[in-house]
Amino acid sequence: MGQGLWRVARNQQLQQQGYSGQGYLTREHGRRIATNNISNTTHRKQAQGGIDIYHLLKTRKSKEQEGFINLEMLPPELSFTILSYLNATDLCLASCVWQDLANDELLWQGLCKSTWGHCSIYNKNPPLGFSFRKLYMQLDEGSLTFNANPDEGVNYFMSKGILDDSPKEIAKFIFCTRTLNWKKLRIYLDERRDVLDDLVTLHNFRNQFLPNALREFFRHIHAPEERGEYLETLITKFSHRFCACNPDLMRELGLSPDAVYVLCYSLILLSIDLTSPHVKNKMSKREFIRNTRRAAQNISEDFVGHLYDNIYLIGHVAA
């Protein structure tokens, strides 16, 4: 019935074994006390603690009774903590046994917000008959629809009142969701540049090293497989956003959005060169510095060298 309930049953079995062993150790320790005249105060406290845990996990059941413990006999906060480790499928199965507990709205609210971090409906007064369990099913259905046809998926969310018809709201939903197919998402963002603009502004690259910021950017907005207009658009938007997040650094290094654009392209080409098995003669650090400074002459040689080291040690910026 899920890893959470399995661990509870397993812990119960271990506690039973530990309790039997504890009794034996207590008697054995008593004999040693009689022989060596050593105080057993600490051991009594440990034994007493073991008995308390044992009785808690048994939850007033007889020793002969076997099977899962009854969560309804535990304190409510402990029962909800146990059930919070279950996914939606296992929680539905658990509701067949513990209907009131497993159908609790707080559990389903946690499942919704941990999978879909932002929905417009979260910030609205819930309609009559609203339940987070039903919302979870709708969000799951909408995600599957999006992964088949992005436009139909977004329309589904809007028809159910889950998302507002706003590029900013759609961008927040995409930014906080990890269940969407990245290939379909790339197609959708290529068609909806208004959503793409809002999605870029949600990134905060303050005090991040350029290659690391580029990796974070491409984790949310996947780069196309080939060069083209869309890749140029992504790099342009990233360059302006990176400069907006780091104005002091840009002034210190003497960089402009155009210079950052050149650096980003250089990092992508270097990533391909160093990671591709088809490239036999890898670009050296000296060659990278020379080529990059030809395109952007005001860039510090030390800074470009650090860029090369980052790619060499960490890997591709758009993998």
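Could you list, in sequence order, the residues of segment 141-166 that are outside any loop (DSSP other than H, G, I, E, B) and buried (at least 16 other Cβ atoms within 10 Å of the Cβ)?
G142, S143, T145, F146, N147, P150, G153, V154, N155, Y156, F157, M158, listed by residue number.
Scanning segment 167-184 for residues that are of a type outside the set (D, E, K, R) and either crowded, with 20+ Cβ neighbours inside 10 Å or touching a Leu at 6+ places or on another chain (Cβ under 8 Å) (or both) returns I170, A171, F173, I174, F175. Please enumerate the residues belonging to segment 120-156 that are farther than 17 Å from I170 by Cα and in contact (Cβ under 8 Å) with a residue 40 or more places away in the chain. Matches in segment 120-156: Y136 only. Residues that are touching a residue at least 40 places away in the same chain (Cβ under 8 Å) and in contact with an Asp or Glu (Cβ under 7 Å, 6 or more places away or on another chain) are absent from segment 205-228. Against the criterion of being modelled with pLDDT of 90 or more and open to solvent by less than 80 Å² (accessible area, probe 1.4 Å), L255 does not qualify. A search for C-beta distances below 6 Å between a residue of segment 278-291 that is among the acidic types (D, E) and any residue that is exposed (fewer than 12 other Cβ atoms within 10 Å of the Cβ), counting only pairs 6+ apart in sequence or on different chains, returns nothing. Taking helices (runs of 4 or more DSSP H) as the structural unit, those lying wholly within segment 167-214 and holding at least 2 residues that are more than 19 Å from the chain's Cα centre (by Cα), modelled with pLDDT under 95 and not basic (K, R) correspond to 182-191.
The values are calculated or read from the model by the stated rules, or taken from the named source; none is laboratory data. Treat the numbers as computed from the prediction; the structure is a model and nothing was measured. With ideal geometry, Cβ positions are generated from the backbone for all residues, glycine too; neighbour counts draw on all protein chains shown. Ligands, DNA and RNA are excluded from the accessible area calculation, which covers all protein heavy atoms including side chains. Shrake-Rupley method; radii C 1.70, N 1.55, O 1.52, S 1.80 Å.
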